[in-house]
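Below: one structure, written as C-alpha cells.
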Amino acid sequence: MPQLRSLEIFYWVARLGSFRGASERLHTTQPAVSQRVASLEAELGVQLFDREARAVTLTAKGRELFDYAERMLNLRGDMLRAIAAPSAMSGVLRLGVSETIVHTWLSAFIERAHAAHPAITIDIEVDVSPSLRSRLIDHEIDLAFMLGPVSDPRMNNYDLCRYPLAFIASPKLDLPDGPISLSALLRFPLITYPKTARPYIMLREMLRAPDHPTPRIFGNASLSSIVRMTLDRIGISVIPPLVVRRELEEGTLRVINTEVEMPDLTFMAVLPVSPEGSLAQPLAQLACEVAREAENVGN
C-alpha cells in the first residue's frame with residue numbers, strides 16, 4: 001500500500017504540472033519530490049509520468065492513479081473535518097487578503113483563528129482581487145478574502161460581507177452644501193481602487209456621459225494611500241465608509257451626497273476545490289462568522 005504522503009506528492013505534481021511547483025506547495029525540496037515519485041513508481045511497478053515529454057505529463061496509469069489519489073486525499077480531509085479537534089489541525093495556510101478586509105476585521109479573524117487552531121500557521125499576503133484570483137487558480141495561495149464571487153468551477157465561494165461604497169471628501173474641499181450634481185463632482189479627481197478592480201470599472205462606466213467632461217479617476221492599489229490623498233484634498237475618494245469610520249467620527253472626512261449611486265462591494269472567502277481543503281475550509285467558515293459579527297457591530 002503506497003504511503004499517503006507519496007500519493008499526496010504525486011497528486012500535486014500532476015495537478016500543478018511541475019515538480020518545483022509541488023515542492024513549493026508542500027514546503028519540501030524538489031529532489032525530495034522527485035525521489036518520492038520515483039519510489040512510488042518502483043513500488044507500483046509502473047511509470048506514472050512521461051519522461052520524454054517537455055512538460056510534466058501523466059501516462060495512462062498515471063491518470064488512473066490520479067483519480068484514486070484525489071479520492072483518498074478528499075477522504076482524509078473529510079475524516080479530519082469530522083473527527084479531529086480543531087486544535088489538532090496543523091500546517092501552513094497561505095492566505096490572500098484584499099486591503100479593505102485588512103482595514104476592517106482581519107485582526108479579529110487572526111485572533112480567533114489562532115485561538116481555535118493554534119497549530120496552524122497563517123502566511124498573509126495583501127493584494128488586489130484580480131491578482132488574488134490568479135494566484136488561487138495557480139495554487140500559489142490556499143484561501144482568499146476578496147471581491148467576488150469567482151465564477152470558476154474549480155473554486156468554492158463563501159459569502160463574507162457587503163460594504164456600500166460612498167463618495168468621501170475632506171470638509172475643507174471646495175464643495176457646495178447639500179446634494180452634489182454630477183458636473184460638480186467631476187470638477188475633482190476621483191480616487192478609488194486600481195484600474196483592474198471592480199469599483200474602478202463600475203465607476204468609469206457609471207460616469208460616462210456625452211454631455212459631461214471625461215472623469216479623472218486615479219486608481220490606487222493602496223487603501224491607506226487613498227485615505228491620505230483624500231485627507232490632503234487631492235480629490236474625492238470612492239471607498240467604503242467603514243474603512244474611514246474614525247476619520248468620519250472625528251470630522252476630518254465626510255460622506256457627500258451625490259446623484260451617483262454605487263453598488264455595494266461583495267466580499268467572498270474563496271478557496272480551490274482541493275483535497276487540501278481540510279485547512280482552508282474551516283478557516284473560511286470562521287471568517288464568515290467574524291465578518292458577520294463585524295457587520296453587525298458596524299450597523
Inset, instruction - State the dimensionless ratio Rg/Rh of the stretch 98-232 (Rg: radius of gyration of Cα atoms; Rh: Kirkwood radius). - result: 1.04
Legend entry - Cα-based helix-to-principal-axis angle, 30-44 vs the chain, degrees rounded to 10: 40 degrees
Inset, instruction - Provide the gained length on full extension for the span Ala85 to Leu4, in nm with one decimal, where the gain is 0.36 nm per separating residue minus the Cα-Cα distance. - result: 27.1 nm
Legend entry - Folded to 0 to 90 degrees: helix 106-116 orientation relative to the chain principal axis, Cα: 30 degrees
Inset, instruction - For the chain, with a Gaussian network of springs between Cα atoms less than 10 Å apart, report the residue from His117, His139, His27 with the top mean-square fluctuation. - result: His27
Inset, instruction - Convert each backbone phi in the stretch 4-17 into a coupling constant with the Karplus relation 6.51 cos²θ - 1.76 cosθ + 1.60 (shift: θ = phi - 60°), then list the ³J(HN,Hα) values in order as whole Hz, x for Gly and Pro. - result: 4, 5, 5, 5, 5, 5, 4, 4, 6, 4, 5, 5, 8, x
Legend entry - Angle between the chain longest axis and helix 277-298 axis [Cα atoms, degrees, rounded to 10]: 20 degrees
Legend entry - Using θ = phi - 60° and Karplus 6.51 cos²θ - 1.76 cosθ + 1.60, couplings along the stretch 118-135 (whole Hz; Gly, Pro as x): x, 8, 9, 9, 10, 8, 9, 10, 9, 7, 7, 4, x, 5, 4, 4, 4, 6
Legend entry - For the stretch 4-83: relative contact order, % (alpha-carbon pairs under 8 angstrom, 6 or more apart): 29 percent
Legend entry - Fluctuation leader among Glu125, Glu24, Glu205 - the chain, Gaussian network, Cα springs under 10 angstrom: Glu205
Inset, instruction - Using R₀ = 22 Å, calculate the FRET efficiency as 1/(1 + (r/R₀)^6) where r is the Cβ-Cβ separation of Ile110 and Ser134; round to 0.05. - result: 0.35
Inset, instruction - Give the long-range amide H neighbours of Thr57: residues separated by 5 or more places, or on another chain, with amide H under 5 Å away, using H modelled in the peptide plane at 1.01 Å from N. - result: Asp50
Inset, instruction - Take the alpha carbon atoms of the stretch 67-103, find their center, do the same for the stretch 204-224, and report the distance between the two centers in whole angstrom. - result: 40 Å
Legend entry - Packing-based exposure ordering (other Cβ within 10 Å, fewest first) of Lys195, Lys172: Lys172, Lys195
Inset, instruction - Rounded to the nearest 0.05, what FRET efficiency do Ser39 and Asp152 give with R0 = 25 Å and r taken as the Cβ-Cβ distance? Could you check? - result: 0.15
Legend entry - Total charge dipole magnitude, the stretch 166-262, about the Cα centre, Cβ charges on Lys, Arg, Asp, Glu only, Debye to nearest 20: 360 debye
Inset, instruction - Compute the FRET efficiency between Ala32 and Ile201 as 1/(1 + (r/R0)^6), taking r as their Cβ-Cβ distance and R0 = 41 Å, and round to the nearest 0.05. - result: 0.40
Inset, instruction - Under 1.5 on a/c is rounded, so check that first for the stretch 4-83, then, if it is not, pick prolate when a/b is larger than b/c and oblate when it is not; a ≥ b ≥ c are the square roots of the alpha carbon gyration tensor eigenvalues. - result: prolate
Inset, instruction - Report ³J(HN,Hα) in whole Hz for each residue of the stretch 237-251, in order, from the Karplus equation J = 6.51 cos²θ - 1.76 cosθ + 1.60 where θ = phi - 60°; Gly and Pro get x. - result: 8, 10, 8, x, x, 4, 5, 10, 4, 5, 5, 5, 5, 7, x
Legend entry - Contact order relative to length of the chain, as percent, for alpha carbon pairs under 8 angstrom and 6 or more apart: 22 percent
Inset, instruction - Please get the size of the charge dipole for the chain, origin at its Cα centre, with Cβ charges of +1 on Lys and Arg and -1 on Asp and Glu, quoted in debye to the nearest 20. - result: 420 debye
Inset, instruction - Figure the gain on full extension for His212 and Leu173 (residue separation times 0.36 nm, minus the Cα-Cα span) and round it to one decimal in nm. - result: 11.9 nm
Inset, instruction - Could you pull the Rg and Dmax for the chain, using just the Cα atoms, both in Å? - result: 23.9, 80
Inset, instruction - Would you mind getting the Kirkwood hydrodynamic radius of the stretch 166-262 from its Cα pairs, rounded to one decimal in Å? - result: 13.4 Å
Legend entry - the chain: most fluctuating residue of Pro199, Pro263, Pro153 per GNM, C-alpha cutoff 10 Å: Pro153
Inset, instruction - Note down the magnitude of the dipole of the stretch 4-83 about its Cα centre, charges +1 on Lys and Arg C-beta and -1 on Asp and Glu C-beta and zero elsewhere, to the nearest 20 debye. - result: 200 debye
Inset, instruction - List the residues whose amide H sits under 5 Å from the amide H of Ile217, counting only those 5 or more places along or on another chain, with H placed 1.01 Å from N in the peptide plane. - result: Leu190
Inset, instruction - Counting only DSSP beta bridges with both residues in the chain, tell me the antiparallel percent, nearest 5. - result: 55 percent
Inset, instruction - State the extension gain, in nm to one decimal, for the chain segment bounded by Arg51 and Ser222, taking 0.36 nm per residue of separation less the distance between their alpha-carbons. - result: 57.0 nm
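Coordinate-derived values only; no laboratory data. All values reported here derive from a predicted model rather than from experimental measurement. Here Cβ is always computed from backbone atoms with ideal geometry, including for glycine, and neighbour counts include all displayed protein chains.
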